[in-house]
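**Student:** First, the structure itself, so that you have it in front of you.
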Amino acid sequence: MHEMGICDGILKSATEAAEAEGASCINRIEVTFGELTQIVEDALQFAFEVLRQDTIAADATLGITILEARSRCMDCSAEFRHDRYEVKCPKCGSYLCSLLQGRELRIESIDVD
Ligand SMILES: [Zn+2]
């Protein structure tokens, strides 16, 4: 379950940012990840509930936004959604595609007191 390590990184970054602002506790953390990261939303929530204990985010909630995988065809410029197994243009059948989104992993915002 790689969500534990990912969540640990999110919590560390959020805690550092909150402490840099002189905050005493974190109320909410909003994260965005692309579906190609293979993060499982429920597993990330579970990891957060375990790892937030004994941190300044102990009462924080985790907001998750998932971005679908999208690519643009290099041959016909069509933009399309796809899964992680096959990236193929639905319009012309080309496999020459460039990824637009789907591998992101970032903290969007942190709400602190
Ligand atoms: Zn195409």
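**Student:** Identify the residue in the stretch 1-37 that is polar (S, T, N, Q) and under 10 Å from the mean Cα position of the chain (by Cα) and, among all such residues, is farthest from ASP111 (Cα to Cα).
**Tutor:** Within the stretch 1-37, the match that is farthest from ASP111 (Cα to Cα) is THR37.
**Student:** Of the conditions (1) within 16 Å of the ligand (Cβ to nearest atom); (2) at pLDDT 95 or above, GLU86 satisfies every one except a single condition; which number is it?
**Tutor:** (2)
**Student:** Another question, if that's okay. When residues of the stretch 70-113 are filtered for being in contact (Cβ under 8 Å) with a residue 24 or more places away in the chain and either in a strand (DSSP E or B) or closer than 30 Å to GLU16 by Cβ (or both), how many remain?
**Tutor:** Total meeting the criteria: 21.
**Student:** It is to be established whether one or more residues within the stretch 61-82 are within 30 Å of ASP113 (Cβ to Cβ), modelled with pLDDT of 95 or more, more than 18 Å from the chain's Cα centre (by Cα) and more than 16 Å from the ligand (Cβ to nearest atom). Give the derivation first.
**Tutor:** Pass one, the stretch 61-82, residues within 30 Å of ASP113 (Cβ to Cβ): 61-67.
Right, trim to modelled with pLDDT of 95 or more and you get 61-67.
Now restrict to residues that are more than 18 Å from the chain's Cα centre (by Cα): none.
No, that holds for no residue.
**Student:** While we're here: Does the stretch 19-60 hold any residues that are touching an Asp or Glu at 6+ places or on another chain (Cβ under 9 Å) and among the hydroxyl-bearing types (Ser, Thr, Tyr), and which are they?
**Tutor:** SER24, THR32, THR37
**Student:** So, in the stretch 1-46, exactly how many residues are of a type in the set (Ser, Thr, Tyr), surrounded by 15 or more Cβ atoms within 10 Å (Cβ to Cβ) and not in a helix (DSSP H, G or I)?
**Tutor:** Total meeting the criteria: 1.
**Student:** Could you please give the count of residues in the stretch 89-113 that are away from the ligand (no atom under 16 Å from the Cβ), more than 16 Å from the chain's Cα centre (by Cα) and of a type in the set (S, T, N, Q)?
**Tutor:** 0
**Student:** GLY22 fails exactly one of the following numbered conditions: (1) of a type outside the set (D, E, K, R); (2) within 16 Å of the ligand (Cβ to nearest atom); (3) on the phi > 0 side of the Ramachandran plot. What is the number of that condition?
**Tutor:** The single condition GLY22 does not satisfy is (2).
The values are calculated or read from the model by the stated rules, or taken from the named source; none is laboratory data. Note that the structure is predicted; figures quoted are calculated from it, not measured. So basically every Cβ, Gly included, is an ideal-geometry build from the backbone, and we count neighbours across all protein chains shown.
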